[in-house]
Each structure stands twice: as structure tokens, then as C-alpha cells.
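Report on the structure given below.
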């Protein structure tokens, strides 16, 4: 069993590593966890004795189990069963599934399955956002700002995410599949 000093050292290292991996400042993490910034700074420097409530808030803000904050060094490996990865249906006949089930700062990566004839309206984002759609199988029509683009297997379309857009599998017999990557504009840019 680790001593309290070793657990504090593990917490400091793990917290800083997780925060950096998500591209968060101490201020941003503190805001997301609803704790003072000084609390994050103290945890990352092995100072203080955090309450369970503080640890739960920080773990939730980082979307990790609490033991990942306090664990001794180990390989950063985590496996999700297919049933544990969020899937949602959108539009008519479109199923969307996250490619990366952990938060990725400023990006959304989604696998999109289109039933034959499926249609889905896209969600316009803030100016500066870029979207990339890669057709993996079949053919997908993208309407961007009133202009139609036909993508075959392997084709990629990049477009400003703030423009009105929609997706359609024009094939009434075959399904289609693609990957959507949304890169959000950085704040203050």
C-alpha cells in the first residue's frame, strides 16, 4: 500500500498529465470542476489534502474514474466494449458513433453509417470551425451552402463548419459509411 505522500505524488503527476493531454489550463480545469484554480495548482504540486468531493469533481471534469487520478504509474491503457461507446440516431436513417470515447480538446470525430436513402441535416458551428468528411464506403452527397458535392469511397471534403450543410446517401439500395471530423475554432482566434 502506498503512503499518503506517494499517493499525493501520483495524483500530482496524473492530474498534470491528464490536463495536458486534454489541452486544458489549470484555470479551464478548475472552471470545469467548479473548484478554485489554486486547488488544481496545489494538487499538481502535491500540496494539500483534497477532500473526496474535490477528487470526484476533478475526475468528472476530466471524464476519468477517480482511481485514474490516484493510481501508481502504469500503462495508460483503457478498453471500451462496443456497447459502452455512445451511439445516436440522427436524421432519417443515420447512425453516429464516436470514434474516440474520451474528450478530445477542440475536435469531434464521428463514424457515420447511412442507411439506403438516409438524409441528415448538419449542425452549423461557430465561424472558424472546419469540417472534414471522408467517405469510407458507398457514396455520400454533401450539400454545403446550397452546393452539392458527390463523394465516392476514399474522397474527402473539407468545408467551413459554420455553413449550412446536409448529408445524403443517394443510393436507395446500398448503405454508405463515412467519418466526420469537426475541428472547432480556438477561442480568441
*Find the residue count for the range 59-111, including only residues that are touching a helix residue (DSSP H, G or I) at 6+ places or on another chain (Cβ under 6 Å) and over 19 Å from residue 22 (Cα atoms).*
1
*Quick check: is even one residue across the range 25-36 at positive phi and modelled with pLDDT of 90 or more?*
yes
*For the range 122-148, which residues satisfy the criterion of being closer than 23 Å to residue 85 by Cα, within 23 Å of the chain's Cα centre (by Cα) and in contact (Cβ under 8 Å) with a residue 12 or more places away in the chain?*
122, 131, 132, 133, 134, 135, 136
*Would you check if residue 55 is within 25 Å of residue 10 (Cβ to Cβ), assigned by TED's automatic domain parsing to the domain that holds residue 15 and under 17 Å from the mean Cα position of the chain (by Cα)?*
no
*Is it true that residue 151 is touching a residue at least 24 places away in the same chain (Cβ under 8 Å) and either closer than 30 Å to residue 81 by Cβ or touching a strand residue (DSSP E or B) at 6+ places or on another chain (Cβ under 8 Å) (or both)?*
yes
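Taking residue 118 as the residue in question, decide whether it is touching a strand residue (DSSP E or B) at 6+ places or on another chain (Cβ under 8 Å) and farther than 30 Å from residue 20 by Cβ. Show your work before the answer.
On the way: touching a strand residue (DSSP E or B) at 6+ places or on another chain (Cβ under 8 Å): yes; farther than 30 Å from residue 20 by Cβ: yes.
Yes: the conditions hold for residue 118.
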_Please verify whether residue 108 is on the phi < 0 side of the Ramachandran plot, crowded, with 16+ Cβ neighbours inside 10 Å and not assigned by TED's automatic domain parsing to the domain that holds residue 23, treating the condition exactly as stated._
yes
*Show the residue pairs that are 6+ apart or on different chains and have beta-carbon atoms under 7 Å apart, the first residue being within the range 71-94 and closer than 30 Å to residue 176 by Cβ, the second being part of a strand (DSSP E or B) and at pLDDT below 85.*
85/98; 86/98
*Considering each residue of the range 56-91, count those that are at pLDDT below 85 and exposed (fewer than 13 other Cβ atoms within 10 Å of the Cβ), and give that number.*
14
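The values are calculated or read from the model by the stated rules, or taken from the named source; none is laboratory data. Please read all numbers here as calculations on a predicted model, not as lab measurements. Backbone-built Cβ (ideal geometry, glycine too); neighbour counts: all protein chains shown.
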